[in-house]
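The values are calculated or read from the model by the stated rules, or taken from the named source; none is laboratory data. For clarity, every value in this text was computed on a predicted model and none was experimentally measured. Cβ placement follows ideal geometry from the backbone for every residue including glycine, while neighbour counts extend to all protein chains displayed. All accessible areas refer to the heavy atoms of the entire protein, side chains included, with ligands and DNA or RNA removed. Shrake-Rupley method; radii C 1.70, N 1.55, O 1.52, S 1.80 Å.
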There are 2 protein chains.
Amino acid sequence: MMRSIKVLRVGERLFRDDRTLTHLCLVSRALGAESIFLGDAEKDVVGTLEEVNRTWGGDFKAVLGVPWRKVIKDSKVEGRKVIHLTMYGMPLQDMVAELRGLEKLLLVVGGPKVPGKVYHESDYNIAVTSQPHSEIAALAVALHEIQSGEELKRAFEKSRLRILPSPRGKRVVET
Amino acid sequence: MMRSIKVLRVGERLFRDDRTLTHLCLVSRALGAESIFLGDAEKDVVGTLEEVNRTWGGDFKAVLGVPWRKVIKDSKVEGRKVIHLTMYGMPLQDMVAELRGLEKLLLVVGGPKVPGKVYHESDYNIAVTSQPHSEIAALAVALHEIQSGEELKRAFEKSRLRILPSPRGKRVVET
């Protein structure tokens with residue numbers, strides 16, 4: 001099965017938090033998602049991603065400025081299941097067999113200020129532990145589990161640099 | 001086997017990045033580590049963790065101010081294996097069977113500015129993909145894999161609140 005995974009970042013931000021946003025984008029890219037929807041325009045993040053794609057390959061995309069309601073609505077129209085990651089949801093380990101059977105997924109992550117409607121408009125509310133931690137970590141473990149670890153083996157096409165795994169130090173080659 | 005996992009955060013910080021630090025602490029706690037060593041004193045982070053323990057249980061600890069070289073040295077003396085997470089390391093999926101056999105582990109995470117000595121003083125350099133992403137995500141996936149997902153089922157003792165997993169909305173009980 002060719003699985004398609006997109007990510008949506010929801011939530012009002014009380015202060016600029018580019019670092020968390022950048023982590024969410026890079027994790028989505030590295031762990032097998034094809035794009036991320038970011039509510040408001042963050043041109044710096046888009047620049048960072050373009051540079052990462054140029055250097056390390058692939059064509060991961062950040063999509064800016066589409067309201068989250070529209071992202072969810074459009075996703076449902078195209079048959080995409082909406083999976084909201086929240087500590088209040090059902091345990092990932094109990095639901096992952098079902099999630100692995102889905103062909104098109106939208107993973108929704110937010111900070112503490114996720115609107116209640118997100119819980120109700122999602123097809124699944126899924127918890128990576130019922131403990132407070134990090135939407136970056138929750139996204140990583142969910143992507144990893146849903147793809148059964150296959151995402152770790154993926155090669156990124158058309159990269160400028162490639163790492164040769166090494167027990168010590170750094171080995172990088174131009175491709 | 002009773003496994004003991006501690007986390008060490010290394011790396012000079014070019015600017016204050018409390019958010020990333022907090023994520024690293026909370027992920028360590030939620031996903032089964034018993035403590036985290038932070039290089040420099042971050043009293044705010046310690047306060048946050050104490051509050052999280054009081055509310056959600058367990059006795060996870062942040063240890064401040066021990067130089068990273070001493071943390072690594074002391075860890076080795078007590079028979080703890082040092083596992084540095086880096087995109088330049090050996091693939092997690094190729095090494096995880098060996099890592100699962102270790103009883104005492106120190107997981108080392110850093111930002112981009114990790115000193116070269118860390119690579120050489122570690123017993124393992126391990127990559128969660130050879131792509132740039134997030135030390136928070138790498139730590140989460142490594143903790144998850146090394147513990148074979150068992151950490152997701154863990155209960156935290158002496159909590160004030162507990163979440164009842166729910167397909168919709170938020171259900172929290174006092175304990």
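Could you tell me whether the stretch A:30-79 comes out rounded, prolate or oblate from its Cα gyration tensor? Rule is a ≥ b ≥ c as square roots of the eigenvalues, rounded for a/c under 1.5, then prolate if a/b exceeds b/c, otherwise oblate. It is oblate, given that a/c is not under 1.5 and a/b is not larger than b/c. Measuring nothing but protein heavy atoms, the accessible surface of the protein assembly as shown at 1.4 Å probe radius is 51 percent carbon and sulfur.
Every Cα-Cα pair of chain B was included, and the share exceeding 25 Å stands at 32 percent. Calculated mean residue ellipticity, 222 nm, chain B: -11000 deg cm²/dmol, from DSSP H runs (n ≥ 4) at -39500 (n - 2.57) each, averaged per residue and rounded to 500. Taking all protein chains into account, the per residue accessible area for the stretch A:1-150 stands at 41 Å² (1.4 Å probe). The Cα-based radius of gyration and maximum Cα-Cα distance (Dmax) for the stretch B:96-137 are 11.4, 30 Å.
Note on residue A:170: lysines with a C-alpha under 27 Å away, same-chain residues under 8 apart excluded, are A:153, A:158, B:6, B:70, B:73, B:76, B:81, B:104, B:113, B:117. In the distance distribution for the stretch A:133-175, Cα-Cα pairs more than 17 Å apart total 55 percent. Placing R0 at 45 angstrom, the Cβ-Cβ distance between residue A:175 and residue B:161 gives a FRET efficiency of 0.30 after rounding to 0.05.
Considering the protein assembly as shown at the alpha-carbon level, its Rg and Dmax are found to be 19.3, 59 Å.
Contact-buried residues of the stretch A:20-37, at a threshold of 50 Å² lost accessible area versus the chain by itself: A:23 (1.4 Å probe; DNA, RNA and ligands ignored). Measuring heavy-atom accessible area with a 1.4 angstrom probe and counting protein chains only, the residues of the stretch B:130-156 that give up at least 50 Å² relative to the chain alone are B:131, B:132, B:133, B:141, B:144, B:152.
Rounded, prolate or oblate: which fits the stretch B:74-153 when a ≥ b ≥ c are the square roots of the eigenvalues of the alpha-carbon gyration tensor, with rounded for a/c under 1.5 and prolate only if a/b beats b/c? Since a/c reaches 1.5 but b/c is at least a/b, the shape of the stretch B:74-153 is classed as oblate. Label-to-label distance for residue A:148 and residue B:94 is 2.2 nm, based on points extended 7 Å past Cα in the beta-carbon direction. When the accessible areas of B alone and A alone are added and the area of the pair subtracted, with a 1.4 Å probe, the result is around 4600 Å², both sides summed. Using R0 = 22 Å, the C-beta based FRET efficiency linking residue A:78 and residue A:117 works out to 0.65.
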